[in-house]
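In what follows, a single structure is set out as structure tokens and then discussed.
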Amino acid sequence: MTVIADDKIRGIVKNIATATFGSANVKDFLSEPTTDVDGKAALQITIVLASESSAAEMSPNAALDTLVQIHDELLKEGDDRFPFIRYATSEDLRADVDE
Amino acid sequence: MNPGHLLEQAENLILTQPTGAPRQADLRRAISTAYYGVFHFVMAAAADLVLGKTAPKDDLYARVYRSLNHRELKDRSNDLRAIGGKIKAFIDAVISLQKDRHDADYSPLYRVSKSDALAKVTLARSAIVSFRDASEGDQKACLIRLMFKER
């Protein structure tokens with residue numbers, strides 16, 4: 001299995017997410033290794049949105065198109081890790097969790 | 001079980017917090033409910049394929065409906081993705097939602113944002129639309145590969 005470099009993954013995510021959501025609606029892209037429910041290597045990708053309204057106003061197919069395109073691009077590069085994508089705002093990433 | 005009602009319920013859990021930010025418990029339930037909306041959709045589609053859409057909702061229907069499980073969806077995902085087109089998109093969404101559901105239901109470290117929960121409900125809706133938009137042949141191929149093991 002090929003494991004492509006983090007900066008290349010971020011580049012793939014950036015190209016696809018900005019094309020899907022528009023550059024004004026996305027602020028950053030994070031990528032880190034994770035595992036799926038069976039412990040198989042996977043990727044945790046976080047798309048940092050400009051605001052909560054970017055998620056609320058997301059077009060119906062935006063999340064699905066983004067997921068499929070990123071998965072296809074990774075497979076094209078020989079990396080078969082599944083991209084689990086999360087969405088957050090900068091505030092979400094800083095906020096404390098209620099319990 | 002109406003999958004659309006489950007997705008509405010998921011959305012309500014995210015959006016109806018009277019004051020302040022939504023609670024993690026509500027967002028986790030929303031994520032889990034969004035996955036189950038898609039899971040019940042595919043179980044119903046399988047039962048409809050085997051017994052016909054007008055079949056009575058009896059024990060036989062329940063037996064076919066319950067013949068699918070989460071494990072088979074995961075284990076057969078590569079085979080199902082190979083069908084391509086709309087089914088490929090449907091399966092990617094299922095696998096993504098299944099992991100979120102697993103984390104939301106079991107992981108003490110899982111933290112979900114309102115943005116993410118909304119995106120996952122949208123993803124679940126798109127998954128169902130994607131399956132419905134697939135050709136009849138691709139829908140059948142997906143359900144048969146899910147229900148019956150290759151020997």
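Each reported figure results from applying straightforward, stated rules to the coordinates on display, with no laboratory input. Just so you know, these numbers come straight off a predicted model, no measurement behind them. Ideal geometry is used to build each Cβ from the backbone, glycine not excepted, and the neighbour counts take in all protein chains shown.
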Of B:82, B:131, B:118, whose Cα points farthest to the positive end of the dipole of chain B (charges on the beta-carbon: +1 Lys, Arg; -1 Asp, Glu; origin at the Cα centre)?
B:82
Using label points projected 7 Å from each Cα along Cα→Cβ, tell me how many nm separate residue A:53 and residue B:40, to one decimal.
3.4
Mind sorting B:128, B:91 by how few other Cβ atoms lie within 10 Å of their own Cβ, fewest first?
B:128, B:91
Debye, to nearest 20: dipole size of the stretch A:6-90, +1 on Lys, Arg Cβ, -1 on Asp, Glu Cβ
140
Residue mean of other protein chain beta carbons inside 10 Å, A:36-48:
2
Taking only the alpha carbons of the protein assembly as shown, the radius of gyration and the largest Cα-Cα distance, Dmax, both in angstrom, are 18.0, 56
What the 5 Å binned alpha carbon P(r) of the stretch B:3-147 shows, as percent of pairs per bin from 0, is 2, 10, 19, 20, 18, 14, 9, 5, 2, 0
Summarise the partner chain shielding of A:70-76 as one whole number: the mean count of Cβ atoms from other chains within 10 Å of each residue's Cβ.
2
About its Cα centre, how strong a charge dipole does chain B have in debye, to the nearest 20, once Lys and Arg get +1 and Asp and Glu get -1 at the Cβ?
220
Using every pair of alpha-carbon atoms in the stretch A:6-90, split the distances into 10 Å bins beginning at 0 and state the percent of pairs per bin, rounded to integers.
18, 54, 25, 3
Options B:146, B:60, B:44, ranked by Cα towards positive dipole end of chain B, top entry (Cβ charges)
B:146
Inter-chain Cβ neighbour average for residues B:85-95, partner chain, 10 Å:
3
Starting from the Cα of residue A:65, step 7 Å along the direction of its Cβ; do the same at residue B:69; then give the gap between the two resulting points in nm.
3.8
Which whole-number percent gives the relative contact order of the stretch A:32-83, counting Cα pairs below 8 Å spaced six or more residues apart?
38
